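Here is the structure we will look at, set down as structure tokens.
The values are calculated or read from the model by the stated rules, or taken from the named source; none is laboratory data. Note that this is a predicted model, so its numbers are computed, not measured. Ideal geometry is used to build each Cβ from the backbone, glycine not excepted, and the neighbour counts take in all protein chains shown.
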Amino acid sequence: MNEIVDTFVAPPCLEDIELLLEDKSLLLISKPSKLFSLSGRNPLNKDSVHYRLVKDFPTATLAHRLDFGTSGIMVVALDKQVNGHLTKQFQQRTVVKTYKAVLHDHVNEDHGVIDFPIAKDNSIFPRLKVCLTSGKPARTHYHVEERLDSPPRSVVCFKPETGRTHQLRIHSQAIGHPILGCDLYGDDHSHALADRLMLHAESLDFVHPLSGESIHAVCPCPF
């Protein structure tokens, strides 16, 4: 089998990372759209959240990631112990995450659950796909906040139970309403309706690794 080569070269991201909170153990940041969480496989894609942060916070490590096109809130550990604690919370699915998205056309149901397993798609890198036989479980709760016209769109709040790569984009496509601006899982029309992926990580609820305090962190949606 031929080795998969990542030929994508990201355009320069001119937006800054916004620092929302800093204490001795962690950072809360707002990631701009069109910035990698970690530097890409392609050596030309060096710019990333981690690449930028370690210049000012040399011990910074990422306990989770956001897709290249997704903006919004991230929690960053400032030492190994804190990273381990946060990583365990994400693995055990005790971190509650909410996302705001704009979907193509009107979603009929006001709320629901999307439950489609996700697997690798070897046909197009880095796409994944719904696969009922070999996919890993993936489950997303949603509710429609607003339906817009001209063109028809739905503003949706997502609350994923699982954290599969591209989960929200794949699940949106699977119900026939791709996220606007999505190059991998949208059609030409929905992709052209926005100049960015219309997906934003709006909030995180987790337990502070040192204090044990319940943290509810919010990063307002820019669209």
Can you tell me which residue within segment 67-76, out of those that are surrounded by 22 or more Cβ atoms within 10 Å (Cβ to Cβ) and on the phi < 0 side of the Ramachandran plot, is nearest to the chain's Cα centre (by Cα)? T70
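For segment 27-49, what are the residues that are touching a residue at least 40 places away in the same chain (Cβ under 8 Å) and under 14 Å from the mean Cα position of the chain (by Cα)?
Taking segment 27-49 as the starting set, the residues that turn out to be touching a residue at least 40 places away in the same chain (Cβ under 8 Å) are 27-31, 33-34.
Selection gives I29, S30, K31, S33, K34.
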Scanning segment 16-62 for residues that are more than 22 Å from C221 (Cβ to Cβ), assigned to a loop (DSSP other than H, G, I, E, B) and of a type in the set (A, V, I, L, M) gives L38, L44, A60
Quick check: anything in segment 187-209 among the acidic types (D, E), outside any loop (DSSP other than H, G, I, E, B), at pLDDT 95 or above and closer than 28 Å to T94 by Cβ? yes
Among the residues of segment 151-189, which ones are of a type in the set (V, I, T) and buried (at least 20 other Cβ atoms within 10 Å of the Cβ)? V156, I170, I179
Any residue in segment 3-24 that is under 20 Å from A201 (Cβ atoms), surrounded by 15 or more Cβ atoms within 10 Å (Cβ to Cβ) and within 15 Å of the chain's Cα centre (by Cα)? no
Could you check how many residues of segment 210-219 are under 16 Å from S25 (Cα atoms) and either in contact with a Ser or Thr (Cβ under 9 Å, 6 or more places away or on another chain) or part of a strand (DSSP E or B) (or both)? 5
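Per-residue answers, yes or no, for (1) under 14 Å from D105 (Cα atoms); (2) touching a strand residue (DSSP E or B) at 6+ places or on another chain (Cβ under 7 Å):
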residue	(1), (2)
H143	no, yes
R147	yes, yes
P160	no, yes
I170	no, yes
G176	yes, no
L184	no, no
H208	no, yes
H216	no, yes
Please list, ordered by first then second residue, the pairs with beta carbon atoms under 7 Å, 6 or more apart or interchain, first in segment 126-146 and in contact (Cβ under 8 Å) with a residue 40 or more places away in the chain, second in a loop (DSSP other than H, G, I, E, B) and loosely packed, with under 15 Cβ neighbours inside 10 Å. L128/T165
Can you report the number of residues in segment 70-80 which are within 15 Å of S203 (Cα to Cα) and either small (G, A, S) or part of a helix (DSSP H, G or I) (or both)? 2
Taking only segment 96-111 into account, find how many residues are of a type in the set (D, E, K, R) and closer than 30 Å to F8 by Cα. 3
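Yes/no matrix, rows are residues, columns are (1) touching a strand residue (DSSP E or B) at 6+ places or on another chain (Cβ under 9 Å); (2) within 23 Å of L62 (Cα to Cα); (3) of a type in the set (K, R); (4) at pLDDT 95 or above:
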site	(1), (2), (3), (4)
H85	yes, yes, no, yes
F90	yes, yes, no, yes
V95	yes, yes, no, yes
T98	yes, yes, no, yes
H106	yes, no, no, yes
H111	yes, no, no, yes
F125	no, no, no, no
Among the listed residues A60, A138, identify the single one that is modelled with pLDDT of 95 or more, surrounded by 15 or more Cβ atoms within 10 Å (Cβ to Cβ) and closer than 26 Å to E15 by Cβ. A60
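Table: residues versus (1) assigned to a helix (DSSP H, G or I); (2) among the polar types (S, T, N, Q); (3) over 26 Å from P11 (Cα atoms).
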residue: F68; (1), (2), (3): no, no, no
residue: V82; (1), (2), (3): yes, no, yes
residue: V113; (1), (2), (3): no, no, yes
residue: S123; (1), (2), (3): no, yes, no
